[in-house]
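We did not get these values from a lab; they are worked out from the coordinates using the rules stated. As the structure is a prediction and not an experimental result, all values here were calculated from the model. Neighbour counts run over all protein chains shown; Cβ positions are idealised from the backbone, glycine included.
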Amino acid sequence: MIEVLDVYYTYPNGFTALKGVSLTIDRGECIAIMGENGAGKTTLIKHFNGLLKPTRGAVLVDGSNTMDLSVAQLSRKVGLVFQNPEHQFFSETVEDEVAFALKNFGFQGDEIKQRVDQVLERMGLTHYRQSSPFNLSGGEKKRLAIASVVVFNPDYLILDEPTIGQDYLQKREIIGIIRSFLKEGKAVVIVTHDLEFVVDLRPRIILMSQGRIILDDTADKALSNLKLLDEASLLPPQIVELAYKFFNSPSLEGVLDEDDLMKIIKPLLARRRGQQ
Amino acid sequence: MPKAIKVRGLHYRYEGMDGDVLVDVNLEVERGEFVLLTGASGCGKTTLCRCFNGLIPHFYGGDLRGEICVAGFNVRETPIHKMALKVGFIFQNPDSQLFSLTVERDVAFGLENLGMDREEIKRRVDWALEVVGMKEYRHFAPYELSGGQKQRIAIASVLAMNPEVIVLDEPTAYLDPKTALRIFQLLDELNRRLGLTVILVEHRLDLASRYASRLIVMSRGRIVLDGDPPTVFHHKLEEYGVTTPRLIRFFRKLEREGYSFESIPLTTEEAATVLRRITS
């Protein structure tokens with residue numbers, strides 16, 4: 001479990017990015033943190049692996065205060081994939097980049113090779129194994145960054161904007177990886193603006209605005225709350241907006257995708273047909 | 001008047017790579033069109049855009065075969081600096097395009113390079129900043145701006161050159177949906193007001209398609225679908241690795257229920273109207 005207890009964080013330049021944030025993340029949970037740029041989302045997740053330590057309050061990972069642990073110790077448990085993948089690359093080849101953390105965490109020869117092969121295959125990067133990470137396209141870099149964290153199988157997987165630059169099939173692959181982590185009882189936290197991706201996953205939603213959590217609720221409730229989405233500077237999912245405009249009702253809980261909407265439209269269509 | 005873009009039998013292979021990245025591409029774009037270009041990663045859309053302003057073949061080299069004319073110029077025979085006057089290019093990440101100490105200097109940079117006189121430069125910079133709604137930021141440093149504002153400045157610096165075609169390669173990849181929508185609205189306005197030909201490469205079809213007069217889907221180096229957005233949305237885009245907007249998916253479900261629509265709605269307003277018609 002990750003426990004965030006009334007955390008404040010002020011950057012050295014004096015900007016207070018978090019103003020009293022509290023939440024708990026249980027194993028097996030999938031959480032999406034959403035909100036406008038500058039809301040404090042990235043600052044918050046950097047507290048999970050100890051990259052940042054609270055100015056006030058505390059963060060506990062499986063009961064231990066992050067103040068008492070090094071980033072190296074925490075990283076084994078909490079794997080964080082940055083928004084801008086170039087910030088985390090330093091190896092000469094894609095293969096070495098993925099193997100790096102494994103070697104660091106004491107994995108041995110065959111196991112390393114097997115895991116690297118598997119994750120490269122999964123992320124569609126196998127034919128780039130000898131390429132330099134810096135020569136990949138934006139979307140490929142993103143997948144390499146995810147691969148180099150997924151490969152050591154952390155208990156908490158934290159992804160900052162994983163879908164940027166990814167097409168339909170790659171997004172599906174990323175969803176597959178998230179689901180398999182959840183199945184193993186691990187927690188996945190995603191920072192994202194990609195509402196339609198969130199509609200597919202239906203995680204618990206945390207909406208942030210100006211350093212605070214303004215909503216912590218299920219996807220069904222959160223994503224149909226147009227007023228709060230607007231406050232968090234988010235556009236509603238298309239189907240939510242359509243349902244709102246059609247029914248003239250501010251909140252139809254749980255009508256997020258085309259199947260949900262079809263279910264409630266079908267009876268209306270049948271009634272109309274009956275009248276004809 | 002020559003067409004904005006005319007491509008015939010275009011093939012391209014990057015230097016030192018196996019296989020063509022563009023395969024027999026044929027395309028004609030009239031002036032004033034708003035073209036949305038999409039496709040899975042690696043489908044060749046960025047490569048095609050690089051041909052529009054001459055980065056291919058003049059910068060990337062490689063093997064380019066076939067005909068390509070943009071704004072009346074044969075790209076192969078026209079140097080990049082000359083193409084740059086006709087074709088503005090906007091990249092994914094505005095940071096790669098802005099480098100001056102102030103917004104104003106960034107927008108003026110291309111004009112100064114042309115040796116234009118000061119009065120004309122000032123007039124054009126004022127106009128371009130006005131058009132993108134960033135006039136009050138002229139003395140700001142680019143790093144003081146948000147991602148969306150930076151992208152507006154990048155667009156202003158291209159507009160100041162008074163191009164005929166503007167090519168944008170996933171300009172909203174790093175922006176949140178609301179900011180992305182505002183960029184698309186700006187492009188719509190530039191297209192209508194100035195008659196600017198827009199070539200927009202995007203994955204976000206849900207937000208962008210309502211502004212486009214034409215939607216082109218590429219797959220494995222070829223153009224596989226080309227038409228107005230409602231027509232193209234009748235096809236199963238997933239086969240080409242493209243996400244169909246949920247609104248469209250919903251209407252395709254209705255079609256499977258036996259309903260037919262002259263034109264699939266692209267906005268939730270239109271969609272709500274159509275739904276009212278068929279349910280009451």
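Remarks
- Identity of the residue in the stretch A:245-258, within 8 Å of chain B (Cβ to nearest Cβ) and either in contact with a strand residue (DSSP E or B) (Cβ under 6 Å, 6 or more places away or on another chain) or not in a loop (DSSP other than H, G, I, E, B) (or both), that ends up nearest to B:Pro245 (Cα to Cα): A:Glu258
- Residue check for A:Thr24: under 28 Å from B:Leu175 (Cβ atoms) and β-branched (Val, Ile, Thr): no
Matching residues to (1) among the hydrophobic types (A, V, I, L, M, F, W, C); (2) under 21 Å from B:Ser209 (Cα atoms); (3) away from chain A (no Cβ under 12 Å); (4) without any contact (Cβ under 8 Å) to a residue 12 or more places away in the chain:
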| site | (1), (2), (3), (4) |
| --- | --- |
| B:Val25 | yes, no, yes, no |
| B:Arg31 | no, yes, yes, no |
| B:Phe34 | yes, yes, yes, no |
| B:Thr38 | no, yes, no, no |
| B:Thr47 | no, no, no, no |
| B:Cys51 | yes, no, yes, no |
| B:Leu55 | yes, no, yes, no |
| B:Tyr60 | no, no, yes, no |
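Conditions (1) touching a residue at least 12 places away in the same chain (Cβ under 8 Å); (2) over 20 Å from A:Phe197 (Cβ atoms); (3) of a type in the set (Lys, Arg); (4) in contact with a strand residue (DSSP E or B) (Cβ under 9 Å, 6 or more places away or on another chain), marked per residue:
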site	(1), (2), (3), (4)
A:Pro12	no, yes, no, no
A:Ala17	yes, yes, no, yes
A:Gly20	yes, yes, no, yes
A:Asp26	yes, yes, no, yes
A:Ile33	yes, no, no, yes
A:Glu36	yes, no, no, yes
A:Lys41	yes, no, yes, yes
A:Leu44	yes, no, no, yes
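- Lone qualifier among A:Phe107, A:Phe100 - being assigned to a loop (DSSP other than H, G, I, E, B) and hydrophobic (A, V, I, L, M, F, W, C): A:Phe107
- Selection count where residues are part of a loop (DSSP other than H, G, I, E, B), buried (at least 17 other Cβ atoms within 10 Å of the Cβ) and within 18 Å of the chain's Cα centre (by Cα), scope the stretch A:76-97: 2
- Residue list for the stretch A:215-236, restricted to those being in contact with a strand residue (DSSP E or B) (Cβ under 7 Å, 6 or more places away or on another chain) and not in a loop (DSSP other than H, G, I, E, B): A:Leu215, A:Asp216, A:Asp217, A:Ala219, A:Ala222, A:Leu228, A:Glu231
- Criterion (touching a helix residue (DSSP H, G or I) at 6+ places or on another chain (Cβ under 6 Å) and free of Cβ contacts under 8 Å to residues at least 60 places away in the same chain) met by exactly one of A:Gly165, A:Gly124: A:Gly165
- Helices (runs of 4 or more DSSP H) fully within the stretch B:1-91 counting 1 or more residues that are aromatic (Phe, Trp, Tyr): B:45-52
- When A:Lys221, A:Lys171 are checked against the criterion of being within 9 Å of chain B (Cβ to nearest Cβ), out of contact with any Lys or Arg (no Cβ under 7 Å at 6 or more places or on another chain) and closer than 24 Å to A:Gly28 by Cα, A:Lys171 stands alone in meeting it.
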